Structure formats: structure tokens, C-alpha cells
Amino acid sequence: MKSEHKLALLLNSKSLDQELISIAEKVSQGSRISDEDCLSLYEKADLPTLGILANYIREKKHGDKVFFNRNFHMEPTNVCLYTCSFCSYSRLIKKRSEGWEYSLEDMMDIVKTYDDEPITEVHIVGGVLPQYDVQFYSDLFRSIKDHRPDLHVKALTPVEYHYIFKKAKISYEEGMKIMDDAGLDSMPGGGAEIFHPEIRDQIAGGKCSGDEWLRIHEIWHELGRRSNATMLYGHIEAFRHRVHHMSELRKLQDKTSGFQTFIPLKFRNKGNEMSHVDESTVVEDLRNYAISRIFLDNFDHIKAYWPMIGRDTAQLSLAFGVDDLDGTIDDTTKIYSMAGSEEQNPSLTTEQLVQMIRRVGREPIERDTLYNVVTDYTDHVFEDDKQYKGYLSLPVVK
Ligand code: V47
Ligand code: SF4
């Protein structure tokens, strides 16, 4: 059944709460829901209701298309001056010898291992340390671009930028201009955590504030550049903190239109100071994807980061508002495996990712970082497609 028919049935449902009916009406009319509506969705709406609303919006925006890209991650260091309590990845300065600290040459050696591969993006984030400064990162971006001009450099978050610009005694505006000139193409969405100081001060105290995070993205957007946004959820925050976080993002997006995709990041509790905090359930993960799709009407894409939630939940999320999957990755990030994700060696071939999308009746589209289509895999036949014939011939119920 088509998503608009499901929405029509929902609107005529006698048993649905009046407040939820009025939110569903807004969705069917393409109107924006308010912060209060968003809180009501978190507090009252069950998963099937949210699925119908989010899928309706998702299909209006993108039909059956699911985007993915081919990328690899580089993490210059896992030693960090900060002590975020959710972080399983960073080694504190006092345990520095247990971590890694790559030089520019080490990083370029990693880039060169991909020379013969059709990768379109390198995603660079890591810990914060004094030697990784404005000079280091501008040299790194320049060297990558000199070596491989077509490789999109998506690098660093306001956490690193705030630190390195302060250390260099330059303004955010000057700093982002230097990065732009050095070859930075876009900014990933990390470091956002939860903006509200009631929570941020407890889990990520000392690093850039929510307002500073937003300001650096705003300056980057004003340079005509794009970035992503994340939200680390499912720990000690309340629903109202999630609403505040997404509302701040929606306001900035109204001003700049610079965000490309929103990526909810599920808190994983292994090997960090918050191991006593239970992880969210799969139902809550899917509810959260759906609510973000419904609320963030000015974001084109909602992305599921499969190394964090596992490929099964990522596949399910495609029925709850998600239209974007990150990425082939090639086992190059440790952030989530160290925090207890089921994906210990995150890597999918293009074919595996394509089949994962096809098997839930969607159309796989390889994109570049700026969402230009690289290859439409909808009717693509792989050499060993026979292997998948059984799945492909199953009727898909949408
Ligand atoms: O900022 C750290 C999060 C982020 C844990 O923009 C954790 O395309 C859960 O931002 N449990 C880094 N989350 C990753 C990130 C990202 C990932 C994929 C794509 C993009 C993009 C951005 O990971 C950190 C932090 O919020 N994180 N530790 C943890 N234990
Ligand atoms: Fe450092 Fe980032 Fe980990 Fe915080 S989340 S301790 S800033 S690496």
C-alpha cells in the first residue's frame, strides 16, 4: 500500500489521540510541526504511527531512493585532552603510550593505499592534541588535494576548530577561511552531542559549547560550503533536550540551508565512563529516526550510520524516515567498535550495500558527498547476482 493511503487511514483512525491526529494533518498538508508537537510525538506516538508519518515524508522527498557513498575514515590520533564521559575511543594524555598519533606522512600513506580505488570521500576526525594545529591540518588538506584533487575532504568538527583557532589566536571567521583555502571541502556532523548545557556540561564539559558548534557551522555555510549535523541520544538526556537540539539545528538551517544530512547517533555504553547507563532499545532508535524525519522538514536527508547501529537496524531504518546510509567505510573507524557496536570491523563492499538496500525494496544510488549521483544501481546487474536471485524475486511489501 502506498504511503499516502496509509496516512489517509491513520487520519481516519477513531482510536488515535486528538493531538496526534492534528500532527498527522500537518504532515499530510506539508506544514511544519512545532517544538511542542515534536515533544508530543516523543511522549505519545507509537512506532507504527511514526513509521507512517516519517515514511510518507521520506517518499515525498526521495521516492524509493536510498543514497550511499564510498568513503574511508582517517583518525589522526585517539589521544585527547578532553574527557567526554561517553567516549570509549580516546586515550587520556596520561595513557598516551596506549594510543596512536600519526604524522602527516603516516596520514598520506593511508590516503595512498586508496589510490586505485573508486573512493570519493575521506572522513577525518580524531582526538584533540596541541601538535594537531592549524598548520598541521592545513598542510594535511593541501597534501591530500595535491595528491588526489578529486577526493572530497570532509574533516574535523567545531570541537577541533574551536580548539585550534583559540590556540592560534584567530577568529572562527579567519580560521574557517584558512581551512577553505587549504582544501577543506565539507564538515562532518560530529561533536554536536546534545547542545543543551544541562546535559552537555555533564557529558562533554570543557569542549566547545552548543552555541559555538552552531556558530562555526554558520560561518562555514556563509562561505558557501556544506556540512552535516548529528545528535548523540539515548543516555542521560530527556526528550525535551532532543527537541531543543533539533530545534536549534532547524533554526540555523532556515538561515543558511547549509546542512545536508542529519545523523542521529545512538549512545553505545561499552568501555566508557557511562557504562552504567542502559542503551536505548531498537524501538526507541527507530522512533528517534522517524521523529527527526518529521521534525527536520528543512533537512533533505536523514542518515543511518550502520557501523554504530548494526546493519539490521540500519536496514529497518529505511522504513522509518532514513534515506541515506553511511557508507562502505572499509574498516577504517574505531569509534564505534570500541564503544560496543555489533559491527567490530565495519566494512561493506558496494555490492553488499546495494543488496542490503534492494532487499527492502528500495533503489540504491551511489552519491558523492554533495549528493550528486555517481551510479544508479537500481537496475545494475552484478557478476554474481545469481547468488541473490532468491531475495530479489521475493515480493516486497511496501
Ligand atoms: O562526535 C563518540 C559520537 C561522533 C560514542 O557527518 C559516540 O557524515 C555513541 O560524528 N556512543 C563522531 N556515539 C562520529 C560522527 C559521524 C559519523 C558518521 C558520519 C558523520 C558525518 C559523522 O561519534 C562524536 C560523538 O558524538 N560518539 N563516542 C559512543 N560511545
Ligand atoms: Fe576527545 Fe572527541 Fe572523545 Fe570528547 S568525544 S574525549 S573530544 S575524542
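The values are calculated or read from the model by the stated rules, or taken from the named source; none is laboratory data. Please read all numbers here as calculations on a predicted model, not as lab measurements. Cβ placement follows ideal geometry from the backbone for every residue including glycine, while neighbour counts extend to all protein chains displayed. What goes into the accessible areas is simple: the full protein's heavy atoms, side chains included, and nothing from ligands, DNA or RNA. Shrake-Rupley method; radii C 1.70, N 1.55, O 1.52, S 1.80 Å.
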Review point. Nearest 0.05, what FRET efficiency do Lys169 and Tyr82 give at R0 = 35 Å with Cβ-Cβ as r?
Key: 0.95
Practice item. Quick one: order Ser103, Ser15 from most to least accessible surface, probe 1.4 Å. Key: Ser15, Ser103
Practice item. Note the angle between two axes, namely the Cα long axis of helix 210-222 and the longest principal axis of the Cα atoms of the chain, as a number of degrees from 0 to 90, rounded to the nearest 10. Key: 90
Check your understanding: Picking from Ala45, Val282, Ile119, whose Cα lies most toward the positive end of the charge dipole for the chain (charges on Cβ: Lys, Arg +1; Asp, Glu -1)?
Key -> Ala45
Check your understanding: Quick one: net charge of Asp133's neighbours, Cβ under 11 Å, K/R +1, D/E -1?
Key -> 0
Point to revise | Net +/- balance of residues flanking Arg200 in space, Cβ distance below 9 Å, scoring K and R +1, D and E -1 | key: -2
Check your understanding: Counting only the heavy atoms of the protein chains, how much of Lys270 is accessible to a 1.4 Å probe, in Å² to the nearest 10?
Key -> 120
Practice item. Please work out the FRET efficiency for the pair Ala8 and Val373, using the Cβ-Cβ distance as r and a Förster radius of 25 Å; give the result to the nearest 0.05. Key: 0.20
Review point. When the Karplus curve 6.51 cos²θ - 1.76 cosθ + 1.60 is applied with θ = phi - 60°, which whole-Hz ³J(HN,Hα) does each residue of segment 55-60 get, with x for Gly and Pro?
Key: 5, 4, 5, 4, 6, 4
Check your understanding: Relative to the Cα centre, what is the charge dipole magnitude of segment 72-126, using +1 at the beta carbon of each Lys and Arg, -1 at the beta carbon of each Asp and Glu, and rounding to the nearest 20 debye?
Key -> 560
Study note, to complete from the structure: Yeah, segment 127-248 with a ≥ b ≥ c from its alpha-carbon gyration tensor (a/c under 1.5 is rounded, else prolate when a/b outruns b/c, oblate otherwise) is prolate
Study note, to complete from the structure: With the label point 7 Å along the Cα-to-beta-carbon line of His380 and a cut-off under 19 Å to each amide N, the hits in segment 275-314 are 304, 306
Revision key, fill the gap. Ignoring ligands and nucleic acids, Met246 exposes an accessible area, probe 1.4 Å, in Å² to the nearest 10, of 0
Practice item. Label segment 65-387 by shape, choosing from rounded, prolate and oblate, from the square roots a ≥ b ≥ c of the eigenvalues of the Cα gyration tensor; if a/c is under 1.5 it is rounded, and otherwise prolate applies when a/b is larger than b/c, oblate when it is not. Key: rounded
Point to revise | Check: segment 65-387 dipole with +1 on Lys, Arg Cβ and -1 on Asp, Glu Cβ, in debye | key: 960
Review point. Averaged per residue, what accessible area in Å² does the chain show with a 1.4 Å probe, protein chains only?
Key: 41
Review point. About its Cα centre, how strong a charge dipole does segment 225-265 have in debye, to the nearest 20, once Lys and Arg get +1 and Asp and Glu get -1 at the Cβ?
Key: 160
Exercise for review: Work from the charge dipole of the chain (Cβ charges, +1 for Lys and Arg, -1 for Asp and Glu, about the Cα centre) and give the residue of His152, Gly183, Gly327 farthest towards its positive end.
Suggested key: Gly327
Practice item. Sketch the reach of a paramagnetic label on Arg148 as a point 7 Å from Cα along Cα-to-Cβ, and name the residues of segment 63-100 whose backbone nitrogen lies under 13 Å away. Key: 70-74
**Study point:** Area of Trp220 that stays accessible when all protein chains are in place (1.4 Å probe, Å², to 10)
**Key:** 0
Review point. Which listed residue (Gly361, Tyr305, Ile199) has the Cα farthest towards the positive end of the charge dipole for segment 65-387, taking +1 on Lys and Arg C-beta and -1 on Asp and Glu C-beta about the Cα centre?
Key: Ile199
Practice item. Sort Arg362, Arg226 by accessible area with a 1.4 Å probe, largest first. Key: Arg226, Arg362
Revision key, fill the gap. Residue span Ser31 to Val283: 0.36 nm per residue of separation minus Cα-Cα distance leaves a gain in nm of 88.1 nm
Check your understanding: Which Cys in the chain stand alone, with every other cysteine's Cβ at 4.7 Å or more from theirs?
Key -> Cys38, Cys80, Cys208
**Study point:** Potential lengthening between Ala238 and Asp115 on full extension [0.36 nm per residue; Cα-Cα distance subtracted]
**Key:** 39.7 nm
Review point. With all protein chains present and a 1.4 Å probe, how do Tyr172, Tyr102 order by accessible area, largest first?
Key: Tyr102, Tyr172
